[in-house]
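Enquirer: One structure, as structure tokens, below. Some questions next.
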């Protein structure tokens, strides 16, 4: 079930809020057999409830911004425990600034995630990372360019893997640079 409220607060500002409640039956989970092999089975039932909210702004001149937050509470109904790899809090902040004639832009994104637990119950710490992108839009007809720095501050963080891994945390990439060139015809 989902209830959404969307409101244009003023010319540049739009607010969206969503309340949700999901009941999932026969969730597919990976399970270890007595002989050590892993199989997928429809076993679990999950109740997930939460709220999402987003404030978006579009100003004259090409400036844009968005901030969003999600609270989610996903429980295994058989054990009344939170699902593994299921963060309770997610937050994002995006800002886009025009640099030249609404053709070249810079974008900054912050992403935050709260603690989670691995399938073996170990706590995986939350994190905040920043990404920075410089991109063009129709600088030359049909041509788009972008250069991005991901994990701008080289934050050490990880994600919990599935049960087929020995580790409780898989470290994610440090700072990474990507260039993308797209031509549409």
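Read the figures in this text as sums done on the coordinates, not as results from a lab. Computed from a prediction, not measured in an experiment: that's the story for all the values here. Here the Cβ is made from the backbone with ideal geometry for all residues, glycine too, and neighbour counts use every protein chain on show.
Enquirer: With all distinct Cα pairs included, what does the Kirkwood hydrodynamic radius of the range 58-185 come out to in Å, to one decimal, could you say? Walk me through the numbers on the way to the answer.
Expert: Details: mean 1/r = 0.0584 Å⁻¹.
Hydrodynamic radius (Kirkwood, Cα only) of the range 58-185 equals 17.1 Å.
Enquirer: May I ask you to compute the full-extension gain from residue 19 to residue 106, defined as 0.36 nm times their residue separation minus their alpha-carbon distance, rounded to one decimal in nm?
Expert: Values: separation 87, 0.36 × 87 = 31.32 nm, distance 3.24 nm.
Result: 28.1 nm gained on full extension.
Enquirer: Then there is this: Once you put a point 7 Å from the Cα of residue 88 and another 7 Å from the Cα of residue 177, both along the Cβ direction, what distance in nm separates them?
Expert: The modelled label-to-label distance comes out at 4.1 nm.
Enquirer: Taking the Cβ of each residue in 43, 182, 29 as the centre, tally the other Cβ atoms inside 10 Å and list the residues starting with the fewest.
Expert: Numbers: 43 13, 182 9, 29 18.
Listed from fewest to most nearby Cβ atoms, that is 182, 43, 29.
Enquirer: Using a Förster distance of 41 Å, how high is the FRET efficiency between residue 139 and residue 11, based on the Cβ-Cβ distance and rounded to 0.05? Each step should come with its number before you reach the end.
Expert: Details: r = 28 Å, r/R0 = 0.69.
Once rounded, the FRET efficiency stands at 0.90.
Enquirer: Could you work out the relative contact order of the range 63-120, using alpha carbon pairs under 8 angstrom and six or more residues apart, expressed as a whole percent?
Expert: On the way: 101 pairs, mean separation 20.7, N = 58.
About 36 percent, as a whole number.
Enquirer: Turning to a different aspect of this structure: What does the highest-first list of 1-7, 123-129 look like by mean Cβ count within 10 Å?
Expert: Numbers: 1-7: 9.4, 123-129: 15.6.
So the peptides 1-7, 123-129, ranked by packing, come out 123-129, 1-7.
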